[in-house]
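See structure below.
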Amino acid sequence: MKLRYSIALSLPLASASAMAADLALKLDVPQLNVAEYHRPYIAAWVENADQQVVANLAVLYDTKKKDNAGTKWLKDMRSWWRKTGRELTMPLDGVSGATKAPGEFTLNAPKGALDKLPAGQYTVMVEAAREAGGREVVKVPLQWPPKSAQNVNGQGKEELGAVVVQVKP
């Protein structure tokens, strides 16, 4: 009787931990040689095969503006805004943060954001928009959950450089 009880308790824990995995985004924001440079707003999210948003990973915008006025320009990230942004209230705990200077940086997916995703094919979307500048979306395909640690690469052309999705089981 005790043996059955302990096996029953261990099964849900094993299946829950099997789906737990870590995802990080390594982004390169290029320094552009323009007269008036503004740091880009950046949004990153995950879409399923039906192009439905299943998780918001990051939203970087000007958080220092008085009365949360930086949110006014979030709609310039049009793809993210139409799919999920207009439904959110900023700041979003664990997801939103300040814009980043040009260079490489890493963003970690919020804890638990992907734990309940069923196995399947997904796309990590990264969108950047810059005041007095351009807008760009980079799509990186992703198989979830990962069977092994891997890096999946995407490449921007102007507003974004390399986009690397790093996953670990």
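The values are calculated or read from the model by the stated rules, or taken from the named source; none is laboratory data. It should be emphasised that the depicted structure is a prediction, and the values quoted were computed from it without experimental measurement. Cβ coordinates were reconstructed from backbone atoms using ideal geometry, including for glycine residues, and neighbour counts include every protein chain displayed. Side chains included, ligands, DNA and RNA excluded: accessible areas come from the protein's heavy atoms. Shrake-Rupley method; radii C 1.70, N 1.55, O 1.52, S 1.80 Å.
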Exactly one of GLU104, GLU131 is modelled with pLDDT of 95 or more, charged (D, E, K, R) and at negative phi, and that residue is GLU104
Expected output for the stretch 128-156 (first residue among the polar types (S, T, N, Q), partner open to solvent by 30 Å² or more (accessible area, probe 1.4 Å), Cβ below 7 Å, 6+ apart or cross-chain) is GLN143/GLN121; SER148/PRO169; ASN151/GLN166; ASN153/ALA162; GLN155/ALA162
Picking from GLY112, GLY94, GLY154, the residue that is modelled with pLDDT of 95 or more and out of contact with any His (no Cβ under 8 Å at 6 or more places or on another chain) would be GLY154
Residue hits (the stretch 53-75; modelled with pLDDT of 95 or more and surrounded by 16 or more Cβ atoms within 10 Å (Cβ to Cβ)) are VAL54, ALA55, ASN56, LEU57, ALA58, VAL59, LEU60, TYR61, LEU74
Among residues of the stretch 79-103 being part of a loop (DSSP other than H, G, I, E, B) and among the aliphatic types (A, V, I, L, M), the residue farthest from the chain's Cα centre (by Cα) is ALA101
When (1) open to solvent by 20 Å² or more (accessible area, probe 1.4 Å); (2) out of contact with any Pro (no Cβ under 7 Å at 6 or more places or on another chain) are applied to VAL46, the one that fails is (1)
- Message: Based on this model, can you work out whether THR123 counts as open to solvent by 20 Å² or more (accessible area, probe 1.4 Å), at pLDDT 95 or above and of a type in the set (Ser, Thr, Tyr)?
- Response: yes
Given (1) in a strand (DSSP E or B); (2) without any contact (Cβ under 8 Å) to a residue 24 or more places away in the chain, LEU57 misses just (2)
Note on the stretch 20-43: residues open to solvent by 60 Å² or more (accessible area, probe 1.4 Å) and not in a loop (DSSP other than H, G, I, E, B) are ASP22, LYS26
If we keep only residues of the stretch 134-169 that are open to solvent by less than 10 Å² (accessible area, probe 1.4 Å), touching a Gly at 6+ places or on another chain (Cβ under 9 Å) and part of a strand (DSSP E or B), then the residue nearest to LYS75 (Cα to Cα) is VAL138
